[in-house]
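Notes for the one structure printed next.
Read-outs throughout are calculated quantities, based only on the coordinates presented, and are distinct from any laboratory measurement. In this text, all values refer to a predicted model and were calculated from it rather than measured experimentally. Cβ placement follows ideal geometry from the backbone for every residue including glycine, while neighbour counts extend to all protein chains displayed.
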Number of protein chains: 2
Amino acid sequence: MAKSTVFFKNKPRICSTFTIAGPKEGNSLFGKYIHEILKDDRFDEDTFEKAECKMLSYCIEQTIKSANKKQTDINALISGDLLNQIISASFAARNFDFPYIGVYNACSTFSEALSLSAVLVDGGYMKNVVAATGSHFATAERQYRYPLELGSTRPPQSQWTVTGAGGALITDKGSYPKIISATFGKVVDFGITDANNMGAAMAPACCDTLLTLLKETDTSPKDYDLILTGDLGALGSRLMKKLAKERGVNIDNHCDCGEMIYNLKEEEYQGGSGAGCSAVVFSSYIYKKLMKKEIKRMILLATGALLSSLSSQQGESIPGISHAVVVEA
Amino acid sequence: MAKSTVFFKNKPRICSTFTIAGPKEGNSLFGKYIHEILKDDRFDEDTFEKAECKMLSYCIEQTIKSANKKQTDINALISGDLLNQIISASFAARNFDFPYIGVYNACSTFSEALSLSAVLVDGGYMKNVVAATGSHFATAERQYRYPLELGSTRPPQSQWTVTGAGGALITDKGSYPKIISATFGKVVDFGITDANNMGAAMAPACCDTLLTLLKETDTSPKDYDLILTGDLGALGSRLMKKLAKERGVNIDNHCDCGEMIYNLKEEEYQGGSGAGCSAVVFSSYIYKKLMKKEIKRMILLATGALLSSLSSQQGESIPGISHAVVVEA
């Protein structure tokens, strides 16, 4: 038995996706692939936290609707976000009359949720499970760094938390992209302490999960049309490729959701991040490519940095984690 | 197909448990059942947060050791806690060379983790999964209420966060207590806004999950030797029984982990709470009773209140959630 990889005999399907994002994400080159763009990142709410929750809730609702399913068809929602006590997910779940399984692995929560959804559907335990995650720039800045009102400058190694949410409905049959396997990641800590340099904190974990996946599935990077990491950003992506190369694995077919989502010419520096980043990129552009069979087989490796404001204040380093799913058209 | 309940054909086993708790928990009547009692709730660390993480880490290690298994036998850790970004679980996972799946549903995280572990083992995806959760009075007070140094008084409807951690190793065979089914709970909100009255916030969700479980498993309370709720406390337990009675279900064989863990004569008021509460009570006293077959069939319904300091500040109510597992000796 592979230690970290679980294989899905019944190949659970991703039968629908939905994405929603803020105006900044909408204005990037990537914007045209996102299902719905907000004109105002407050989403008619009086706080950014409520806007984040509303985005996620709306995204869950539309994911179900896009699949032509009813809310009564859904067995469970697996969701998480970056806010303390994952309140966006928990309060979004309040709007639905089906079970809620709250998960958290920072920005790798989307592939964690996809993996668990696939397990529940593949094993015949459930028929329809929604996996959804989101994040919001303004809430993340306030919680992890400084209030926006302070006007702090950001260092060049930093990333920009994506204002957006993405959802996917995992079901047991139909002609849709299939989840073939999931590789659950270990916590890997290379001792990074700069909370502005998430890419460096996450790259080692991402590399570890990728190498584990390749070994346990007996494949090489060439067997995939795309190796898509979550939000390593420009610097983190280069670090990850370098780490892999040092271990004898060359990855040429790699893209990073964080690098793709913005135009990379302004204040985002290394690119996007956040639990919404990989969720939005995968569930929009990438999912469409899978549906058209322009991508036939790919790995999604969402990546997370495990820290809190408090852990950094107490001098802790920032360990990373990455969970991977293999998806086939 | 039952909507919320998943049934386990292969009946995953709980082959070992371990619990650790603070001096206050050790001094209660319940203390003698806990595997290890700390003399100092700092656990030789310089912060309470680090002590909480160390308890959880130690508990995971000892759970594996008690089963006479090696760390290399373990496929995954499913864990969570009450701290922002579940840092206790994430930093504890750093000490182990196996995958980590972070989960969060407040104080219902223990039964959530048990349920997902049972799914992974029952489906043949994994052989050995550790489910573990913990909490710490001092860290919870500081994060959710006030720093201890402030000496705030606590209102009579409040509960006392358990300083402790509990772990269970779920495996695929052997003569051990078996997990028969898991019922995933919905988020239920009765509009409670008093962050000191968690029992009232959680009771409706607990009642909802119990009634769903009874319906979907076609059983009645009499079919169980024990219906064990997580941390409703004295008041919450009475509310839950009242709500169930109003819906035509009488529960006489009910105990609450929060009511059991302290002596209920001092400042704990309604009893214990926290992600460590049900984990410690179930994994010590109750597990021993199951092993001796003094309990033959029971329901564990850990209960969680979904809030953050911020959600309360922004005027949100406190929804509850409860996940249930049925365990047979």
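Figures for the structure shown
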item	result
Distances in nm from A:LYS245 to the matching label points in the other copies, shortest first (labels 7 Å along Cα to Cβ)	7.2
Among beta bridges that DSSP assigns inside the protein assembly as shown, antiparallel share in %, nearest 5	65 percent
Largest-first principal axis extents of the Cα set of the range B:61-103 (Å)	33, 17, 15
Theoretical ellipticity at 222 nm over chain A - DSSP helices of four or more residues, -39500 (n - 2.57) apiece, nearest 500	-9500 deg cm²/dmol
Qualifying aspartates and glutamates (Cα of each under 12 Å from Cα of A:LYS292; at least 8 residues distant if same chain)	A:GLU328
Overall form of the range B:147-303 per C-alpha gyration tensor (a/c, 1.5; a/b vs b/c)	oblate
The range A:1-130, dipole about Cα centre (Lys/Arg Cβ +1, Asp/Glu Cβ -1), debye to the nearest 20	640 debye
The range A:254-329 versus the range B:54-83: alpha-carbon centroid distance in Å	29 Å
Value of Rg/Rh across the range B:225-305 [Cα atoms, Kirkwood radius]	0.97
Cβ charges +1 (Lys, Arg) and -1 (Asp, Glu), total dipole of the protein assembly as shown, debye	2200 debye
Counting all C-alpha pairs of chain A, share separated by more than 29 Å (%)	29 percent
Cα shape, the range A:5-171, gyration tensor, a/c 1.5 rule	prolate
A:ASP97-A:GLN71 pseudo-label distance in nm [points 7 Å out on the Cα-to-Cβ vector]	0.8 nm
Residue of B:GLY199, B:GLY166, B:GLY248 that the Gaussian network model of chain B assigns the largest fluctuation, springs spanning Cα pairs under 10 Å	B:GLY248
Positive-end residue, chain A charge dipole about Cα centroid, Cβ charges, pick of A:ILE20, A:GLN313, A:PHE282	A:PHE282
Simple spin-label estimate for B:ASP40 and A:LYS292 in nanometres, 7 Å along Cα-Cβ	6.4 nm
Within the range A:36-123, trypsin sites (Lys or Arg not before Pro) in DSSP loop having at most 13 other beta-carbon neighbours inside 10 Å	A:LYS39, A:LYS70
Most mobile listed residue (A:MET240, A:MET126, A:MET202) in chain A, GNM with C-alpha springs under 10 Å	A:MET126
Other-chain or far-sequence residues with amide H under 5 Å of B:ASN263's (modelled H)	B:LEU29
All aspartates and glutamates inside 14 Å of B:LYS242 as judged from Cα atoms, apart from same-chain residues fewer than 8 positions distant	B:ASP208, B:ASP252
Inter-copy spacing of B:GLN313 label points, which lie 7 Å from Cα along Cα→Cβ, given in nm from shortest upward	1.2
3J(HN,Hα) from dihedral phi, the range B:155-164, Karplus parametrisation 6.51/-1.76/1.60, rounded to Hz, x for glycine, proline	x, x, 7, 7, 10, 10, 5, 5, 8, x
Rounded FRET efficiency, nearest 0.05, which uses the C-beta distance separating A:SER175 from A:VAL249 and R0 of 41 Å	0.80
Inter-copy label distances at B:ASP40 (7 Å, Cα→Cβ; nm, one decimal)	5.5
Among A:THR217, A:THR229, A:THR171, residue whose mean-square fluctuation peaks in a GNM of chain A (springs only between Cα atoms under 10 Å)	A:THR217
Contour excess over end-to-end distance, with Cα ends at A:LEU211 and A:PHE190 and 0.36 nm allotted per residue	5.9 nm
